[in-house]
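Every read-out reported here was derived from the displayed coordinates using simple, explicitly stated rules and does not represent laboratory data. What you are looking at is a predicted structure, and each value in this text was computed from that prediction instead of being measured. Ideal geometry is used to build each Cβ from the backbone, glycine not excepted, and the neighbour counts take in all protein chains shown.
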């Protein structure tokens with residue numbers, strides 16, 4: 001399909017094949033992206049998001065395996081925050097716009113403040129990488145919120161508490177496996193406590209849907 | 001700006017006209033470890049001991065004020081929602097407490113030191129701004145156990161807790177500012193003590209009336 005494209009001759013050979021962009025480095029990706037069809041761009045971004053989510057679902061403690069996550073992107077956190085805010089907003093009877101706004105601000109403002117806090121305490125953390133990791137690790141809480149929304153009538157309060165509790169522990173553990181290597185050794189507890197508070201805050205809203 | 005002269009002399013990275021807009025400006029105020037923070041919180045619960053002032057002496061921190069207030073915002077949201085939940089058996093869930101409590105707590109814990117610093121500088125005393133912010137931030141820590149205990153839905157108990165909190169935090173603040181107040185004249189001292197007490201009173205009153213109003217069983221709310 002690129003044969004008819006005015007700028008495409010010579011850049012691509014034949015049909016679009018599925019290239020594993022998640023494993024290419026930043027420079028290779030930059031060169032090729034201008035002329036490709038929109039579907040390729042979307043598929044590539046979605047692939048990258050899913051790839052990163054797989055790291056969240058199976059937290060890996062070894063730092064070398066997390067190196068691929070250094071290519072930060074903010075699409076994933078944006079989608080997850082919108083999904084969470086909408087899920088929690090749909091279910092409340094009143095003031096759904098307040099809930100949407102509150103969740104959104106807590107998530108983005110909270111990630112920014114936690115990152116600045118870690119930096120000021122002497123950690124070696126890059127701002128956007130940290131915001132990216134904290135955003136992606138909200139995924140288990142998202143899953144819990146969606147599950148509780150759709151299966152509401154089957155769940156009593158204690159079952160909800162257990163589901164949300166599991167999601168909270170999963171999120172926290174997952175983000176710690178990336179963040180703790182970047183924190184200052186002596187001040188680990190006070191660097192990590194805000195992350196714990198952040199996920200606790202977001203999980204709390206899920207219990208009360 | 002001569003308001004911050006002592007701080008600028010101690011920390012060279014704070015020089016410059018708009019230095020307070022950079023992140024590095026606040027670096028010196030995060031030199032604490034978890035043991036320090038826990039000691040300072042413990043010292044704030046016992047206002048008549050002189051521990052806090054010795055511990056903080058040359059090293060005020062901003063971690064405490066920031067995250068103690070954040071914890072209290074979370075606890076207020078949690079406990080106020082639990083209170084509403086138990087009552088009707090259903091969850092009428094109010095998210096409004098988050099922006100309200102954030103505004104209340106952060107205005108008191110950061111706004112009052114600004115007012116006090118301005119007033120004290122005009123009255124001619126040398127007050128350290130970040131030291132006052134640190135003092136105010138840790139004075140909020142008594143609200144943590146009070147909020148948890150306010151799960152009990154008895155109006156009388158809640159007023160007692162709030163009253164105790166007000167007395168404890170006010171005495172903590174006044175003891176913390178003892179040295180600075182000692183340098184002032186009698187009449188000016190009363191102004192400052194008056195400002196401190198008025199702000200604490202309004203904080204605790206609003207805290208009780210906004211977040212923990214007890215709904216009468218007969219009302220249709």
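For chain B, a Kirkwood radius taken over Cα pairs fed into Stokes-Einstein (25 °C, viscosity 0.890 mPa s) yields D = 131 µm²/s.
Please give the average number of partner chain Cβ atoms lying within 10 Å of the Cβ of each residue in A:104-111, rounded to a whole number. If you can, show how the numbers build up before the last one.
Values: counts 0, 3, 3, 0, 0, 0, 1, 0.
Whole-number average of other-chain Cβ neighbours for A:104-111 is 1.
Each label point was placed 7 Å from the Cα along the Cα-to-Cβ direction; for residue B:33 and residue B:103 their separation is 4.2 nm.
Checking a compactness column here: for the range A:67-208, what do you get for Rg(Cα) / (2.2 N^0.38 Å), N being the number of residues?
Numbers: Rg = 15.3 Å, N = 142, 2.2 N^0.38 = 14.5 Å.
Rounded to two decimals, the normalised Rg is 1.06.
Counting 0.36 nm for each residue step from residue B:55 to residue B:151 and taking away their Cα separation leaves a gain of 31.3 nm.
Taking Cα pairs under 8 Å and at least six residues apart, what relative contact order does the range A:67-208 come out at, in percent? Each step should come with its number before you reach the end.
Working: 144 pairs, mean separation 41.7, N = 142.
With pairs under 8 Å counted, the relative contact order is 29 percent.
Look at where the Cα atoms of the range B:158-213 and of the range A:179-202 average out, and the two centres are 32 Å apart. Inter-chain Cβ neighbour count for A:183-191, averaged per residue, equals 4 (cutoff 10 Å, partner chain atoms only). Against chain B, whose longest principal axis comes from its Cα atoms, helix B:34-45 is set at around 70 degrees. I'd like the orientation of helix B:63-88 relative to chain B: the angle between its Cα long axis and the longest Cα principal axis, in ° from 0 to 90, rounded to 10. Helix B:63-88 sits at roughly 10 degrees to that axis. Taking every alpha-carbon pair under 8 Å whose residues sit at least 6 apart, chain B reaches a relative contact order of 23 percent. Could you work out how far the C-alpha centroid of the range A:90-129 sits from that of the range B:91-134, in angstrom? Using only Cα atoms, the two centres lie 22 Å from each other.
Between residue B:41 and residue A:149, the modelled label-to-label distance comes to 3.4 nm, taking each label 7 Å out from Cα in the direction of the beta carbon.
If r is the Cβ-Cβ distance from residue A:95 to residue A:166 and R0 is 30 Å, what FRET efficiency results, to the nearest 0.05?
Working: r = 28 Å, r/R0 = 0.94.
After rounding to 0.05, the efficiency reads 0.60.
Once the Cβ-Cβ distance of residue A:57 and residue A:196 is raised to the sixth power relative to R0 = 22 Å, the FRET efficiency obtained is 0.65.
Take each residue in B:30-38, count the other chain C-beta atoms within 10 Å of its C-beta, and the mean is 5. Between the alpha-carbon centres of the range A:132-171 and the range B:24-64 there is a gap of 36 Å.
If eta is 0.692 mPa s and T is 37 °C, what Stokes-Einstein diffusion coefficient results for the range A:78-153, Kirkwood Rh from Cα pairs, in µm²/s? Each step should come with its number before you reach the end.
Values: Rh = 13.4 Å.
Here the translational diffusion coefficient equals 245 µm²/s.
The listed peptides B:59-70, B:141-152, ordered by packing as a protection proxy, come out as B:59-70, B:141-152 (highest mean of other Cβ atoms within 10 Å first).
Modelled spin-label separation between residue A:157 and residue B:22, with each label point placed 7 Å from Cα along the Cα-to-Cβ direction: 5.3 nm. Relative to the longest principal axis of the Cα atoms of chain B, the long axis of helix B:186-206 makes an angle of roughly 30 degrees.
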